[in-house]
Amino acid sequence: MTVKIGLLGLGTVGTGTAHILLDPTGRNPLLQEISIGKVGVRSLDKSRQVQLAPGVITTDLEAVVNDPEIAIIVELLGGIEPARSLILQAIAQKKHVVTANKAVIARHGDEIYAAANDAGVYVLLEAAVGGGIPIIKPLKQSLGANRISSIIGIVNGTTNYILTKMTTAGANFTEVLIEAQKLGYAEADPTADVDGLDAADKIAILASLGFGGRVKREDVYCEGIRQVSAADITYADQLGFVIKLLAIAKGADGEISEQLQLRVHPTLVPKDHPLANINGVSNAVLVEGSPLGQVMFFGPGAGAGPTASAVVSDIMNIVAILKSSGLTETLDPLLSCVHQHFCQITPIEAINTRFYARFLTKDLPGVIGHLGTTFGNHEVSLESVVQIGFQEKLAEIVVVTHQVCEGNFRTALDEIRTLEAIDSIPSILRVL
Ligand SMILES: NC(=O)C1=CN([C@@H]2O[C@H](COP(=O)(O)OP(=O)(O)OC[C@H]3O[C@@H](n4cnc5c(N)ncnc54)[C@H](OP(=O)(O)O)[C@@H]3O)[C@@H](O)[C@H]2O)C=CC1
Ligand SMILES: N[C@@H](CC=O)C(=O)O
Ligand code: NA
């Protein structure tokens with residue numbers, strides 16, 4: 001028996017997926033039992049890089065979902081609508097779903113998984129986080145015996161590609177973003193990458209899996225990489241750090257806890273940290289739990305082939321179930337979503353972290369002393385204060401703090417802004 005799938009989307013990932021399915025030789029024999037029934041796209045006029053039988057490609061996405069011969073819908077459209085409605089429609093017809101769409105799952109996972117559980121179908125999403133890196137299934141299954149205390153990842157390929165090129169080649173932000181778009185790494189609207197929204201979607205999903213509760217997407221604190229300047233990259237380097245966009249989910253103070261920190265922001269990472277050397281489009285996710293300790297998942301986080309590898313592995317998992325029993329009334333709890341309660345999220349002001357801040361000051365006597373005193377008054381203890389040099393007539397001072405409460409740090413900065421000697425504070429970044 002051949003299992004027919006319906007592809008929604010034939011862009012970067014859809015094309016990569018079709019390539020694998022149309023060329024099964026030398027791969028798992030299960031692939032020879034999967035065929036592409038229909039493919040839904042926006043435009044019939046585009047030239048396609050895969051050869052499909054006439055009539056397979058359509059702009060009628062509902063016809064794909066409603067085709068009674070199709071058992072699995074593979075949603076590779078991106079965005080919220082029509083993706084959400086089509087996924088729900090597929091589930092209502094008791095079709096299994098595979099998706100790479102972290103945006104829709106992070107925002108509507110609640111509704112989608114409730115419907116899937118009622119209908120007795122699977123919604124698998126290995127490609128949605130870390131592209132080709134197996135991370136969803138390992139968190140659900142291989143690490144299931146552990147109590148997870150933290151998940152820290154570089155989970156956006158586009159921004160890691162941009163930051164790497166800015167660091168290693170002094171490249172210009174806009175030019176590298178265009179390159180990342182051409183390589184198929186960026187989202188249709190690259191704002192989602194650059195402003196950290198894509199990474200926030202992904203950490204919401206990872207946190208939910210790792211910490212066993214639902215996560216409200218709006219609870220993820222999120223800053224993107226627009227504010228990271230060439231100057232900060234250089235100063236970070238001089239201080240022994242590289243700048244990475246990190247997505248962080250951890251129990252309060254890094255302990256196993258019901259109360260979670262959930263945040264995405266550019267971060268100064270010590271050069272000897274395992275995440276410091278993850279470059280280009282690569283992603284990595286460092287998971288810490290008990291009794292395992294630390295484990296890191298590393299690999300290509302975006303792009304046609306790697307992402308399609310994850311999509312097809314999900315399709316194969318469902319096909320294997322359909323072929324071995326065909327019975328899915330009782331869902332396998334290691335493949336389905338069983339969380340009911342929502343995780344409690346610590347507000348960003350209450351989080352303890354280290355900071356890097358860059359100040360432009362008038363060259364007046366005692367500026368460094370004023371900074372130190374104001375920080376001290378708000379219980380912000382400084383690890384280092386360095387006058388880097390001058391920008392025109394302004395002195396450039398970089399401060400790195402010890403672990404401090406973010407709320408206290410912000411209050412101190414508000415007071416520092418009012419000091420006569422302070423011209424501006426061009427950068428405030430967190431330090432791992
Ligand atoms: N690119 C990557 O590296 C990765 C992407 N993902 C996720 O995979 C999904 C797909 O991404 P990607 O392949 O890059 O996206 P693309 O923009 O390359 O492809 C989107 C496809 O969906 C079709 N489509 C989009 N909207 C509609 C619509 N309203 N009606 C009909 N067809 C539509 C497009 O049709 P047409 O071809 O006619 O324009 C196109 O074929 C997204 O959720 C993304 O977040 C996940 C991991 C990595
Ligand atoms: N735009 C995303 C694609 C994969 O999820 C990224 O750059 O990581
Ligand atoms: Na993955």
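The values are calculated or read from the model by the stated rules, or taken from the named source; none is laboratory data. Quick caveat: nothing in here was measured; it's all calculated off a predicted structure. Glycine gets a Cβ as well: all are built from the backbone with ideal geometry, and neighbour counts include every protein chain shown.
Observations, loosely collected:
Table: residues versus (1) in the same structural domain as residue 126 (by TED's automatic domain parsing); (2) within 24 Å of the chain's Cα centre (by Cα); (3) within 16 Å of residue 308 (Cβ to Cβ); (4) not charged (D, E, K, R).
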site	(1), (2), (3), (4)
28	yes, no, yes, yes
34	yes, no, yes, yes
50	yes, no, yes, yes
53	yes, no, no, yes
56	yes, no, no, yes
60	yes, no, no, no
65	yes, no, no, yes
68	yes, no, no, yes
81	yes, yes, no, no
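- Just so you know, in the stretch 113-138 the residues that are more than 16 Å from ligand 1 (Cβ to nearest atom) and not aliphatic (A, V, I, L, M) include one that is surrounded by the fewest Cβ atoms within 10 Å (Cβ to Cβ), and it is 118.
- Applying the condition of being surrounded by 17 or more Cβ atoms within 10 Å (Cβ to Cβ) and aliphatic (A, V, I, L, M) to the stretch 345-359 and asking which residue is farthest from the chain's Cα centre (by Cα) yields 357.
- In the stretch 336-356, the residues that are closer than 16 Å to residue 211 by Cα, part of a loop (DSSP other than H, G, I, E, B) and out of contact with any Leu (no Cβ under 6 Å at 6 or more places or on another chain): 336, 337, 338, 339, 340, 341, 346
- Some residue of the stretch 223-234 being of a type in the set (A, V, I, L, M, F, W, C), assigned to a loop (DSSP other than H, G, I, E, B) and buried (at least 21 other Cβ atoms within 10 Å of the Cβ): yes
- Checking residue 11 against (1) surrounded by 20 or more Cβ atoms within 10 Å (Cβ to Cβ); (2) within 16 Å of ligand 2 (Cβ to nearest atom), the condition it does not meet: (1)
- Checked against (1) polar (S, T, N, Q); (2) under 30 Å from residue 293 (Cβ atoms); (3) not assigned by TED's automatic domain parsing to the domain that holds residue 220, residue 101 passes all but a single condition, namely (2).
- In the stretch 15-44, residue surrounded by the most Cβ atoms within 10 Å (Cβ to Cβ) [restricted to those that are closer than 14 Å to residue 323 by Cα and without any contact (Cβ under 8 Å) to a residue 12 or more places away in the chain]: 32
- Residues of the stretch 367-380 satisfying the condition of being surrounded by fewer than 14 Cβ atoms within 10 Å (Cβ to Cβ) and touching a residue at least 12 places away in the same chain (Cβ under 8 Å): 377, 379
- Just one of the numbered conditions (1) more than 11 Å from ligand 2 (Cβ to nearest atom); (2) at pLDDT 95 or above; (3) not small (Gly, Ala, Ser) is not true of residue 160: (1).
- Near pairs, Cβ below 8 angstrom, 6+ apart or cross-chain, from the stretch 1-14 (in a strand (DSSP E or B)) to any residue that is hydroxyl-bearing (Ser, Thr, Tyr): 3/35; 4/35; 5/35; 7/17
- Residue within the stretch 308-322 that is over 27 Å from residue 159 (Cβ atoms), assigned by TED's automatic domain parsing to the domain that holds residue 411 and either surrounded by fewer than 17 Cβ atoms within 10 Å (Cβ to Cβ) or more than 16 Å from ligand 3 (Cβ to nearest atom) (or both) present: no
- Only residues that are over 23 Å from residue 241 (Cα atoms) and in a strand (DSSP E or B) were counted in the stretch 357-409, giving 2.
- Candidates are the residues of the stretch 293-321 that are free of Cβ contacts under 8 Å to residues at least 40 places away in the same chain and touching a helix residue (DSSP H, G or I) at 6+ places or on another chain (Cβ under 9 Å); the one that is farthest from ligand 1 (Cβ to nearest atom) is 294.
- Among the residues of the stretch 291-325, the ones that are modelled with pLDDT of 95 or more, among the polar types (S, T, N, Q) and more than 16 Å from ligand 2 (Cβ to nearest atom) come to 2 in all.
- Checking each residue in the stretch 388-403 for being crowded, with 19+ Cβ neighbours inside 10 Å and over 13 Å from residue 357 (Cα atoms) picks out only 395.
- Complete set of residues in the stretch 79-107 that are part of a loop (DSSP other than H, G, I, E, B) and within 11 Å of residue 128 (Cβ to Cβ): 100, 101
- Complete set of residues in the stretch 33-73 that are of a type in the set (A, V, I, L, M), near ligand 1 (Cβ under 10 Å from one of its atoms) and outside any helix (DSSP H, G or I): 39, 41, 44, 57
- Note on the stretch 110-127: residues that are within 16 Å of ligand 2 (Cβ to nearest atom) and either in a helix (DSSP H, G or I) or in contact with a Phe, Trp or Tyr (Cβ under 7 Å, 6 or more places away or on another chain) (or both) amount to 2.
- All conditions but one from (1) within 14 Å of ligand 1 (Cβ to nearest atom); (2) crowded, with 23+ Cβ neighbours inside 10 Å apply to residue 181; the one that does not is (2).
- When the residues of the stretch 79-96 are filtered to those that are within 13 Å of ligand 1 (Cβ to nearest atom) and not hydroxyl-bearing (Ser, Thr, Tyr), the one that is surrounded by the fewest Cβ atoms within 10 Å (Cβ to Cβ) is 81.
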